[in-house]
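All of the numbers you see were taken from the coordinates with simple rules; none came from a lab. A quick note: this is a predicted structure, and the numbers were derived from the prediction, not measured. A quick note on method: Cβ atoms are made from the backbone with ideal geometry, for glycine too, and the neighbour counts reach across all protein chains shown.
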2 protein chains.
Amino acid sequence: MRRPTIADIARRAGVSSAAVSFALNGRPGVSEHTRQRILAAADALGWQPNTAARALSAKRAGAVGLAVARPARTLGVEPFFMQLISGIQAELSERANALLFHLVEDVEAEIGLYRRWWAERRVDGVLVVDPRSADPRPAALRSLGMPAVLAGGPDPEGILPGVWIDDARAMARIVTHLRELGHQRVAHVSGPSGLLHTERRSAAFQAATRRGATGTAPTAVTTDFSETEGARATRSLLAAADHPTAIVYDNDVMAVAGMSAARQAGVAVPADVSIVAWEDSTLCRVTHPTLTTLSRDPSRFGATAAGRLLDLLDGEPPTDVEFDVPELIVRESTAPPPA
Amino acid sequence: MRRPTIADIARRAGVSSAAVSFALNGRPGVSEHTRQRILAAADALGWQPNTAARALSAKRAGAVGLAVARPARTLGVEPFFMQLISGIQAELSERANALLFHLVEDVEAEIGLYRRWWAERRVDGVLVVDPRSADPRPAALRSLGMPAVLAGGPDPEGILPGVWIDDARAMARIVTHLRELGHQRVAHVSGPSGLLHTERRSAAFQAATRRGATGTAPTAVTTDFSETEGARATRSLLAAADHPTAIVYDNDVMAVAGMSAARQAGVAVPADVSIVAWEDSTLCRVTHPTLTTLSRDPSRFGATAAGRLLDLLDGEPPTDVEFDVPELIVRESTAPPPA
DNA sequence: CTGTTAGCGCATTCAG
DNA sequence: CTGAATGCGCTAACAG
C-alpha cells in the first residue's frame, strides 16, 4: 500500500495535480466547490506532504537547528534547556517545522555544524544560544548567509537579531530584595567571563551594589558554573573576617553547593548568610532551607526566539525582543542579616 | 553564487552526472582515474549533497526521531537524557544522519507524532524510550511499518528490537553491598508502576531481599519519581518502629529529597539509615553526605541504540542488545547499620 | 567502462 | 478557472 501522492488525490477527485496543489495550499486558482472536493479526497486518502519533495521544490527544509556547545553534564542538571527546547518546539510544531538538535564540543565545532547543515540544506536557519564576548558565530553565519536568531542577548556586533531577558534589572531586583532585608555586604558568584549574560549580570551587580554602598566594597568571584567552584568561591568569601551576609549565585547548582559549603564552615543559612540562586529548579526546592530564586520562563523565551526565526524565514525584517524582568521567588534562604 | 550541484561537477570534470554520482558514492562504474578527477572537481567546488534531493530520490530522510513523553521539568533535572542524546548523536553523525528531537505530552501524542513523521517521511525510524507495561507504541509502530528500536528494555511483545541494561543484576549488586555492610531491613522507593524498567527493578528487589531475608519483610513504596513523593515515602518508611536501616531510591532526585526528609525527622545519614540512588549525577556529589549511586553510561547506551536503528535501516536483521551490569559507586551515604 | 534518460513528489509556470 | 508541462538535485535504470 503506497503512500498517497498528489497525483492520487487528483485522480480520485477527477482534477489535475496542479488544482490539488492549489487547493491544498489554500491559494487561488480553484473554485470553492472543487477545493472542498479535493480536500475531502486528500483527507480520505490520509495524505500528508512528503517533506523531501516539498523541501526540494520549495527550496526550504522546513526545519531549524539548535546546536549547544556545553558539556552534557552541565546541560543535564539545568532544567533551563529542556524548558527552552519545549518552548521552541511548541512554536515550531505550530508552524509545521521540525527541530534538529545537536550537542557540540565547542563554538568551532558549532560553526562547522552550521556550515554543514547549510550546505546540505538540512535546516533553513538556526537558533544560537549562549552568546559570548568576541563571539565568532554571528560573523560566520553572516558569511554563510544563514538566517539566525541569537537567544540570550542582543548581538554586540548587531549582526543577528536577538531575544533576551533584562539581566540588569533582574539583578537590581535581587539586590533590592537583599537591601530591604537589611544586607549591606552582598557578594556575587558569577559564571565564566566569556558569556555575555554573565557579564551583563556582573556589571549590573557592580552598579547596583555600588549605588547603595555604605563603605564596604562588594565582592565578586568568577567561576565556571560548576558545583566545585561554587563551593570554593563560597569558602573564600566566608573566610574573611568581614564576610558578606548575602551571596547571589549565577545558577542553582552553585547556590546549592555554596549552601553546603557554608554549613560545613559553620555558617548558618539564612541566619548568618542569605543565599539567592539565579535560576529556579527542582534542585532549589529539595534543599533545606529552600532557596530564594529568580524565576524566568525559559519556555516562553524559547517560543519567542523560534517565532522570530520563522518570521525571518518568512521574509519579515529582523527585530530584537527584550523580555520583562523575571520574578523573584522568596523562599527560606533569605532573611535579615545577623544583628 | 549558486550552490554547486552534481551537474556542475559533471561539467567541470567533463563527464556525465551519473558518473559523478557513482564516483561520489564510491560505487563501481567509473575508472579510478576519472573518479579522482571527479572527486577533485567536487572538492574544488565545495560540493555537499542536497539532503532534500537525496532523500527524495533515495526514499530515505537521513534522519531519525526521538520523542520523549516526560514533563520537561523531570527531564531537565536528570542528566541521564542529555547524556543519552549525546551518545545517540555521536553515532548518528558518524553515519551522516540527523536527529529530530521532540518533547511530547504523553504516549498518545507520541504515537501521533510518529504517524506524522512517517507520513511526511521526515524520519526513517525512531528510537523509543521509557517502555511501559501494556505499551501501545510497539504495535502502533508495527502497523505503520516504521522501523524502531526500544531503548530501555526488551519488548515484552517481541515486536521491536531492544537495547537495555540488566536492571535485575544491578539491583542485586546494590542489595549485596547493603547486606555486606550488615543491613537486614532494606526498603525500596521505586518509580511509577507503569514503567517497565521500574517494574524490573522492583521485582529484582523483591527477589534479592526475600532471598536473604531473616524474618522482617522488605518494604517497597511506589512513587511518581518526584522529590515530593520521595520525601513522603521516606517519612512513612521511617515512621515505623522497626524502620529500615537502608533505602534504595529509583532516581537521584528522590534520594536527595529522602535524605533531607530523614534529617528533618531526626534520622542521621548514614549513621541511622543508609541511602543509595539509582542514578549518578552532579546532584549526588553536592549533597552532604555525598550519595552512593549506581553509575551507568547513558552515552554508550544511546550510541548503541542509535547504531542498532541505523543497522536496521541498512537492512540488517533486528537483534536485542543487553548491557553489562553498571557500577556501584560507594560514597558517604552508606555505612553499617546502627548497632 | 561511460553517457543518456527517466523518475522521486511537489510547486508552479504557461496555455487552454 | 483548469490541465499539461517543467524543474528542484540526486539516484539508478538503461543503452552505447
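Contact order normalised by length for chain B, with contacts defined as Cα pairs under 8 Å and 6 or more residues apart; what percent is it? It rounds to 17 percent for chain B. Along the stretch B:243-255 the Karplus relation, 6.51 cos²θ - 1.76 cosθ + 1.60 evaluated at θ = phi - 60°, assigns HN-Hα couplings of 5, x, 9, 8, 10, 9, 10, 6, 8, 6, 4, 5, 5 Hz to successive residues, with x for each Gly and Pro. The mean number of partner chain beta-carbon atoms within 10 angstrom of a residue's beta-carbon across peptide A:120-128 is 3.
Is the stretch A:15-124 best put as rounded, prolate or oblate by its Cα gyration tensor, with a ≥ b ≥ c the root eigenvalues, rounded for a/c under 1.5, and otherwise prolate when a/b is larger than b/c, oblate when not?
Details: a/c = 4.22, a/b = 2.31, b/c = 1.83.
Note, shape of the stretch A:15-124 comes out prolate.
Each residue of the stretch B:264-278 is assigned a 3J(HN,Hα), and the resulting list reads 4, 7, x, 9, 7, 10, x, 4, 8, 9, 8, 10, 10, 9, 6 Hz, derived from the Karplus form 6.51 cos²θ - 1.76 cosθ + 1.60 (θ = phi - 60°), x at Gly and Pro.
Residue and whole-Å distance for the chain B Cβ lying nearest the axis of the B-onto-A rotation are B:PHE101, 2.
When DSSP assigns beta bridges and you keep just the ones with both residues in the protein assembly as shown, what percent turn out antiparallel, to the nearest 5? Don't skip to the end; give the middle numbers.
Values: 9 of 75 bridges.
In the protein assembly as shown, approximately 10 percent of DSSP beta bridges are antiparallel ones.
What angle do you read, to the nearest 10 degrees and between 0 and 90, between the alpha-carbon axis of helix B:227-239 and the longest principal axis of chain B? The angle comes out near 20 degrees. Here the Karplus relation 6.51 cos²θ - 1.76 cosθ + 1.60, evaluated at θ = phi - 60°, turns the backbone of the stretch B:140-155 into coupling constants of 4, 5, 5, 5, 7, x, 9, x, 7, 10, 8, 9, x, x, x, 7 Hz, with x for every Gly and Pro.
Compared with the dominant Cα axis of chain A, that is its longest principal axis, helix A:167-181 is turned about 30°.
Exposure proxy check: A:ARG27, A:ARG137, B:ARG12 ranked by fewest other beta carbons within 10 Å?
Going from sparsest to densest Cβ surroundings: A:ARG27, B:ARG12, A:ARG137.
Mean partner shielding of peptide A:61-67, defined as the number of other chain Cβ atoms within 10 Å of each residue Cβ, is 2. Shown for B:GLU199, B:GLU110: other C-beta atoms within 10 Å of each C-beta, ranked fewest to most, produce the order B:GLU199, B:GLU110.
Peptides B:263-271, A:331-339 ranked from most to least packed, by the mean per-residue count of other Cβ atoms within 10 Å: A:331-339, B:263-271.
Note on A:ALA339 and A:ARG116: the extension gain reaches 74.2 nm, defined as 0.36 nm multiplied by sequence separation minus the Cα-Cα distance.
Roughly how many whole Å is it from the C-alpha centroid of the stretch A:229-294 to that of the stretch A:142-187? Their Cα centres are 22 Å away from one another.
Computed about the Cα centre, the dipole magnitude for chain A is approximately 1040 debye when only Lys and Arg (+1) and Asp and Glu (-1) carry charge, each at its Cβ.
Going by how many other Cβ atoms sit within 10 Å of their own, how do B:TYR114, B:TYR249 line up, fewest first?
On the way: B:TYR114 23, B:TYR249 30.
Going from sparsest to densest Cβ surroundings: B:TYR114, B:TYR249.
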